[in-house]
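The values are calculated or read from the model by the stated rules, or taken from the named source; none is laboratory data. All values derive from a computational prediction rather than experimental measurement. With ideal geometry, Cβ positions are generated from the backbone for all residues, glycine too; neighbour counts draw on all protein chains shown.
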């Protein structure tokens, strides 16, 4: 069975989703017909995590999956074995790289939302949060695998969050502002359910009654900042851009520096309007989303 975005969000129409849901509001979809990945139970995670190395991230334990370290015969590290026996809390990054079904799911969501997709898993024991209240700088599609997760969802979208090296935001401030000004509702999701969360929506997930496992598919659709960075890299490649500007002392003639700044401004405009570069950027976007040439 090939997973497609159309099937994943049915009966919601793809065009309706893009026009009325995407980047605007969350969408909860009941149990989906998705093939079993083998990760619905902890035994599947014991096999997947054999040979992997964990690290600490605050009070949580994180595994960044590395296919080259997969060693079923080696077994789990004592720390990971103890964590899985306790039902977490554990975060596993890059699940799409080591599970074919999850990889297919990630590709379907990437093509549907038009961006690069990565998949993280959250294994949470009874009454534990997967993460504290926060808002992501990218869209997320959640698939519940085991147990029930209670989601706390905000009602407002923090506009302007972007995943870019050119833009840094204080997540703690965003969360604090949401606590102060947002209103929240609760939503339970069950095994097989999908939940779409737009970037900028404050949220928190808590295991309700027992062990909970969910996949979080993060999708990074390009923004204007990505095109800005794409253009800047071309400009940085020109030696003249890296030359010294004139001396900033007021006594010095500004004619030379004005010429240099005019050159930079002109070149930026030329690069940004270059049709060949625009086509190259669009092709990079399509590849990141796994969209073939000519596909709509």
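Take the stretch 99-125 and flag every residue that is more than 14 Å from residue 218 (Cα to Cα) and either buried (at least 20 other Cβ atoms within 10 Å of the Cβ) or modelled with pLDDT under 95 (or both).
99, 123, 124, 125
Determine, yes or no, whether residue 161 is within 30 Å of residue 37 (Cα to Cα) and in contact with a strand residue (DSSP E or B) (Cβ under 9 Å, 6 or more places away or on another chain).
Values: within 30 Å of residue 37 (Cα to Cα): no; in contact with a strand residue (DSSP E or B) (Cβ under 9 Å, 6 or more places away or on another chain): yes.
So residue 161 does not fit the description; no.
How about the stretch 227-243: which of its residues are assigned to a loop (DSSP other than H, G, I, E, B) and out of contact with any helix residue (DSSP H, G or I) (no Cβ under 9 Å at 6 or more places or on another chain)?
Initially, the stretch 227-243 is screened for residues assigned to a loop (DSSP other than H, G, I, E, B), giving 237-238, 243.
Selection gives 237 alone.
Could you name every one of the strands (runs of 3 or more DSSP E) located completely within the stretch 69-170 that has at least 3 residues being under 15 Å from residue 195 (Cα atoms)? Steps first, answer last, please.
Numbers: elements: 90-93, 116-124, 139-146, 149-157.
In the stretch 69-170, the matching strands (runs of 3 or more DSSP E) lie at 116-124, 139-146, 149-157.
Please tell me if residue 39 is in a helix (DSSP H, G or I) and at pLDDT 90 or above.
Details: in a helix (DSSP H, G or I): no; at pLDDT 90 or above: yes.
No; evaluated as a whole, the condition is false for this residue.
Inside the stretch 172-202, can you point out the residues that are over 13 Å from residue 154 (Cβ atoms) and in contact with a helix residue (DSSP H, G or I) (Cβ under 9 Å, 6 or more places away or on another chain)?
194, 196, listed by residue number.
Out of all the residues in the stretch 49-59, which are touching a strand residue (DSSP E or B) at 6+ places or on another chain (Cβ under 8 Å) and closer than 18 Å to residue 99 by Cα?
Taking the stretch 49-59 first, the residues touching a strand residue (DSSP E or B) at 6+ places or on another chain (Cβ under 8 Å) are 49, 52-57.
Within the stretch 49-59, 49, 52, 53 meet the criteria.
Only one residue in 138, 134 is surrounded by fewer than 19 Cβ atoms within 10 Å (Cβ to Cβ), assigned by TED's automatic domain parsing to the domain that holds residue 79 and either touching a residue at least 60 places away in the same chain (Cβ under 8 Å) or in contact with a helix residue (DSSP H, G or I) (Cβ under 6 Å, 6 or more places away or on another chain) (or both). Which one? Explain how you work it out, then say what you get.
Numbers: 138 fails: surrounded by fewer than 19 Cβ atoms within 10 Å (Cβ to Cβ).
Residue meeting the stated conditions: 134.
Those residues that are assigned to a helix (DSSP H, G or I) and surrounded by fewer than 18 Cβ atoms within 10 Å (Cβ to Cβ), I need them from the stretch 43-55; list them, please. Explain how you work it out, then say what you get.
Start the filter on the stretch 43-55 by keeping residues that are assigned to a helix (DSSP H, G or I), which leaves 43-48.
Answer for the stretch 43-55, where residues must be assigned to a helix (DSSP H, G or I) and surrounded by fewer than 18 Cβ atoms within 10 Å (Cβ to Cβ): 43, 44, 46, 47.
Considering only the stretch 60-79, state which residues are more than 11 Å from residue 98 (Cβ to Cβ) and either crowded, with 16+ Cβ neighbours inside 10 Å or without any contact (Cβ under 8 Å) to a residue 24 or more places away in the chain (or both).
Within the stretch 60-79, 60, 61, 71, 73, 76, 77, 78 meet the criteria.
Pull out all pairs, ordered by first then second residue, where Cβ-Cβ is under 8 Å, the residues are six or more apart or on different chains, the first lies in the stretch 252-270 and is farther than 14 Å from residue 238 by Cβ and outside the structural domain of residue 228 (by TED's automatic domain parsing), and the second is surrounded by 12 or more Cβ atoms within 10 Å (Cβ to Cβ) and at pLDDT 90 or above.
Pairs found: none.
Condition first: touching a helix residue (DSSP H, G or I) at 6+ places or on another chain (Cβ under 9 Å) and modelled with pLDDT under 85. Now tell me which residues in the stretch 280-296 satisfy that. Show your work before the answer.
Pass one, the stretch 280-296, residues touching a helix residue (DSSP H, G or I) at 6+ places or on another chain (Cβ under 9 Å): 280-281, 284-285, 288-293, 295.
Correct list: 291, 292, 293, 295.
Looking only at the stretch 172-226, which residues are over 30 Å from residue 287 (Cα atoms), in contact (Cβ under 8 Å) with a residue 40 or more places away in the chain, within 21 Å of the chain's Cα centre (by Cα) and not in a strand (DSSP E or B)?
Of everything in the stretch 172-226, those that are over 30 Å from residue 287 (Cα atoms), in contact (Cβ under 8 Å) with a residue 40 or more places away in the chain, within 21 Å of the chain's Cα centre (by Cα) and not in a strand (DSSP E or B) turn out to be 174, 175, 178.
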